[in-house]
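*Asks:* The structure follows.
The values are calculated or read from the model by the stated rules, or taken from the named source; none is laboratory data. None of these values were measured; they are calculated from a predicted model. Using ideal geometry, Cβ is built from the backbone for each residue, glycine included, and neighbour counts are taken over all protein chains shown. Surface areas here come from the heavy atoms of the whole protein model, side chains and all, with no ligands, DNA or RNA. Shrake-Rupley method; radii C 1.70, N 1.55, O 1.52, S 1.80 Å.
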Amino acid sequence: MTTRLFWVSVLTLLFAGTASAQDVLIRHATVHTAGAQGTLQNADVLVQGGVIRAVGVDLQAPASVGVVEANGKPLTPAFFGGITEIGIEEVSGEAETVDSAVTLATDQPMRPEFDVTLAYNPESVLIPVARMEGLGFTLLGANTGGSFIAGQGGVMRLDGGADPIGPRVLFVKLGSDVLGKSGSSRAAQWMLLDQMVGEARGRIPADSPHALLTPTGRAVLARYLAGNGRIVVNVNRAADIRQLLRWAQRENVRIAIASGVEAWKLAGQIAAAKVPVFVDALADLPGDFDQIGATLENAARLHAAGVEVSFAQFGDASHNARKIRQYAGNAVANGLPWEAGLQGLTRVPARVLGVDDKLGTIAPGKLADLVLWTGDPLDVANVASQLWLGGRAIPMRSRQTELRNRYLRAAGALPRAYSP
């Protein structure tokens, strides 16, 4: 393959999202529905028009519907990739390819109206890499730039589409990591947050010389305070989580916790408040003073108390989105029930993020976003053998596999990278 043909093949992969949906009958699979039906042995899933039409045993394929023989292999909903910047970060060390944070004038840095989905690039080379690992959707997250109020994101299906689905999410970060963006004190974070709430609810005049928010920012924050969208708060220390729960109850807002390294210490309170947690399931050592209580049993203890648990990684989550399965697998190895681990990658994030009418379970009427695995999907020794998004079989190739194949060729008169 010439260099030119190589890049043509890569671009073909990136534009694969425009292909039409397929009709298919996936037969004789171990179907992990992640829903009310649980796990079905030797079952079939019928897909028509990109939507799941039937789930059962001995289903018949209508005329012109192709058949895929699963031979008992696991079939799951497409997995959640966690909170990432896939599509808004291409090369983390190259600023012009990173669109996840905003830093504006220091006199008014709080910009909840900032929406990272507007910069999403559906042709990102990270998308095929993630899809090869069985990932079908991700929560596009905003990072803190000039403020601990990071901005908005949303759920992106990795099907090549350009627009988010479901409601937007507002991202906030609390604790020691953002002290420099919030008056050098955790107490100042609550002071500033309370002032912003006062502005959004009209208790502080819009023309106040000390206003923190723009008119658009007030409107956006007011929407979340009214319950129209979830606020995802990255926080680890138990003391900070306690204050967060009190604030959310006082202001009557819908929150979720991200990372939550010490969340297990308040598991009962979190469960009572019906607050879900996107757990950092590999946090087992105190990386800073906010994580002294780190334990690999965090997810298991939260689940046992009745908390809805999903997963997210916090460190190059976009380029290493594949590790999300390892997070779930580690949580299972440390006491989380296997079904809860699977649901943490499927049903739970879909419900928490308001897209469970389309994603997260294998059931009639849901989008046919499905993965056939070589074995237990929470064991990283196994891989995704086929991903379907909207019933369309996704090419199980990426720029990485194309590069691998290019350099695996036998040496000849020319270097391996070239062909005559």
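*Asks:* To the nearest 10 degrees, how steep is helix 186-200 against the longest Cα principal axis of the chain, on a 0 to 90 scale?
*Replies:* 90 degrees
*Asks:* Right, here's the next one. Report the gain in length on full extension from residue 163 to residue 396: 0.36 nm times residue separation, minus Cα-Cα distance, nm rounded to one decimal.
*Replies:* That works out to 81.6 nm of additional length.
*Asks:* Using Cα-Cα distances under 8 Å and only pairs 6 or more residues apart, what relative contact order does the chain have, in percent?
*Replies:* In percent, rounded to a whole number, it is 20.
*Asks:* Oh, and also: What does the accessible area per residue of the chain come to in Å², with a 1.4 Å probe and no ligands, DNA or RNA counted?
*Replies:* 41 Å²
*Asks:* Further, regarding this structure: Please give every one of the lysines within straight-line cross-link reach of residue 274, meaning a C-alpha to C-alpha distance under 26 Å, and leave out same-chain neighbours fewer than 8 residues apart.
*Replies:* Hits, sequence-local ones excluded: 173, 265, 358, 366.
*Asks:* Convex hull over the Cα atoms of the stretch 191-325, averaged projected area in nm²?
*Replies:* Mean projected area of the Cα convex hull: 9.3 nm².
*Asks:* Compute the FRET efficiency between residue 179 and residue 320 as 1/(1 + (r/R0)^6), taking r as their Cβ-Cβ distance and R0 = 25 Å, and round to the nearest 0.05.
*Replies:* So, using R0 = 25 Å, E works out to roughly 0.40.
*Asks:* With a/c under 1.5 counting as rounded, go ahead and sort the stretch 73-160 into rounded, prolate or oblate using the C-alpha gyration tensor (a ≥ b ≥ c being the square roots of the eigenvalues; past the cut-off, prolate if a/b is larger than b/c, else oblate).
*Replies:* prolate
*Asks:* Also: Under a GNM of the chain (C-alpha, springs under 10 Å), which listed residue has the highest mean-square fluctuation: 206, 267, 384?
*Replies:* 206
*Asks:* For residue 73, give me every one of the aspartates and glutamates with a C-alpha distance below 13 angstrom, ignoring sequence neighbours fewer than eight places off in its own chain.
*Replies:* Excluding near neighbours in sequence, the set is 44, 376.
*Asks:* With springs only between Cα atoms under 10 Å apart, run a GNM on the chain and tell me which of 408, 193, 302 wobbles the most.
*Replies:* 408
*Asks:* Towards the positive end of the charge dipole of the stretch 330-378, with charges on Cβ (+1 Lys, Arg; -1 Asp, Glu), say which of 335, 364, 345 has the farthest Cα.
*Replies:* Comparing the listed Cα positions along the dipole, 364 ranks first.
*Asks:* Also: Once both axes come from the Cα atoms, what is the angle between helix 399-408 and the longest principal axis of the chain, in degrees from 0 to 90, rounded to 10?
*Replies:* Once rounded, one gets 50 degrees.
*Asks:* Right, something else. Which chymotrypsin sites (Phe, Trp or Tyr not before Pro) in the stretch 287-396 pass both tests, a DSSP loop state and at most 14 other beta-carbon atoms within 10 Å?
*Replies:* Those that pass, being in a loop and sparsely packed, are 289.
*Asks:* I would also like to ask the following. Using Cα pairs under 8 angstrom and six or more residues apart, how large is the relative contact order of the stretch 275-340, in percent?
*Replies:* Across the stretch 275-340, relative contact order equals 40 percent.
*Asks:* With P(r) over Cα pairs in 20 Å bins from 0, in percent in mind, check [x] 27, 57, 16, 0; [y] 19, 36, 24, 17, 4, 0; [z] 26, 54, 19, 1 and report the label derived from this structure.
*Replies:* [z]
*Asks:* Now for a separate question. Considering the dipole of the stretch 354-420 built from charges on the beta carbon (Lys and Arg +1, Asp and Glu -1) around the Cα centre, which of 390, 375, 413 is farthest to its positive end?
*Replies:* So the residue we want is 413.
*Asks:* Same structure, new question: Just to confirm the number: angle between the C-alpha axis of helix 3-14 and the first principal axis of the chain, 0 to 90 degrees, nearest 10?
*Replies:* Taking Cα atoms only, the helix is inclined about 70 degrees.
*Asks:* Using just the helices of the chain, give the 222 nm mean residue ellipticity in deg cm²/dmol: DSSP H runs with n ≥ 4 each add -39,500 (n - 2.57), and the total is spread over all residues, rounded to 500.
*Replies:* It lands at -7000 deg cm²/dmol.
*Asks:* How much of the accessible area of the chain, probe 1.4 Å, is carbon plus sulfur, in whole percent?
*Replies:* That share works out to 52 percent.
*Asks:* Going from most exposed to least, what order do 184, 100 have by accessible area with a 1.4 Å probe?
*Replies:* My answer, sorted largest first, is 184, 100.
*Asks:* For the stretch 167-270, what is the relative contact order in percent, using Cα pairs closer than 8 Å and at least 6 residues apart in sequence?
*Replies:* Dividing the mean separation by the residue count of the stretch 167-270 yields 29 percent.
*Asks:* About the Cα centre of the chain, how large is the charge dipole given +1 on each Lys and Arg Cβ and -1 on each Asp and Glu Cβ? Please answer in debye to the nearest 20.
*Replies:* With only Lys, Arg, Asp and Glu charged at Cβ, the dipole is about 320 debye.
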